[in-house]
Amino acid sequence: MDKQQQYRRVFGHIDKNGDGKISPPELQICIGKIGGELSLEEAEMAAELMDSDGDGLLSMEDLVKVVESANEEETVNDLKMAYKMYEETTESGGFITPKSLRRMLSKLGESRTVDDCKVMIAKFDINGDGVLSFDEFREMML
């Protein structure tokens, strides 16, 4: 089952009346089923925030956008946590340096020289400053 089929299946479960739109009451019921609480007023506000065509209802596309943006945000947060494990904080901010990369790889049981780490960093060092910024790290990981 591909992603689109999964989205359609989930959408179909939430869209109780089968009209192709998720209404605030349907959203409220869905949140309740997964253990959350949402008043009708909160469901109306949520639907309004996520609604792309102004009808106060959520289309399949609206649901996909919300889910995918949440997944993207989660991925970025995970990458930020991983980056912090490798970075070395300096006066000018945090960067992954050859020494900090070597130190972390050593903790993970992988022995590398500082020169090895310089080569590894150089592959993804877009601006050529010899260290990895978070944006360069994200490009490397994605």
For a label point 7 Å along the Cα-to-beta-carbon line of GLU48, residues of the range 27-42 with backbone N under 14 Å: 40-42
Low-density loop positions, chymotrypsin sites (Phe, Trp or Tyr not before Pro), the range 48-133 - DSSP coil, at most 16 other Cβ in 10 Å: PHE124
Cα-centre dipole for the chain with unit charges at Cβ (Lys and Arg positive, Asp and Glu negative), debye to 20: 980 debye
Selection from MET81, LEU101, VAL67 lying farthest towards where the dipole of the range 24-142 points positive, charges on Cβ: LEU101
Partner lysines for LYS118 [C-alpha distance under 26 Å; skip if fewer than 8 residues away on the same chain]: LYS80, LYS84, LYS99, LYS107
Interchain or long-range residues, amide H under 5 Å from SER59's placed H: ILE22, SER52
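Report the full-extension gain for the segment ASN77 to THR113: residue separation times 0.36 nm, less the Cα-Cα distance, to one decimal in nm. Intermediate results must be reported in sequence, preceding the final value.
Details: separation 36, 0.36 × 36 = 12.96 nm, distance 2.93 nm.
Between ASN77 and THR113, full extension yields 10.0 nm more.
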With at most 10 neighbouring Cβ atoms within 10 Å, loop GluC sites (Glu not before Pro) (DSSP) excluded, longest segment of the chain: 38-90
Zero-based 10 Å bins, Cα pair distances in the range 22-142, whole percents: 13, 29, 17, 14, 20, 7, 0
Whole-angstrom Cα spans of the range 74-132 along principal axes, big to small: 31, 28, 23
P(r) histogram, all alpha-carbon pairs of the range 3-74 included - 10 Å bins from 0, percent: 21, 54, 24, 0
Helix 3-14 vs. the chain, principal-axis angle (Cα, 0 to 90°, nearest 10): 40 degrees
For MET1, net neighbour charge (Lys/Arg +1, Asp/Glu -1) across residues whose Cβ lies under 15 Å away: +2
Which of LEU49, ILE14, ALA122, positive extreme of dipole for the chain (C-beta unit charges): ALA122
Qualifying trypsin sites (Lys or Arg not before Pro) for the range 35-129 [loop in DSSP, other Cβ within 10 Å: at most 10]: LYS123
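FYI, it's all coordinate maths here, none of it is from the lab. Source: prediction; values computed, not measured. Here Cβ is always computed from backbone atoms with ideal geometry, including for glycine, and neighbour counts include all displayed protein chains.
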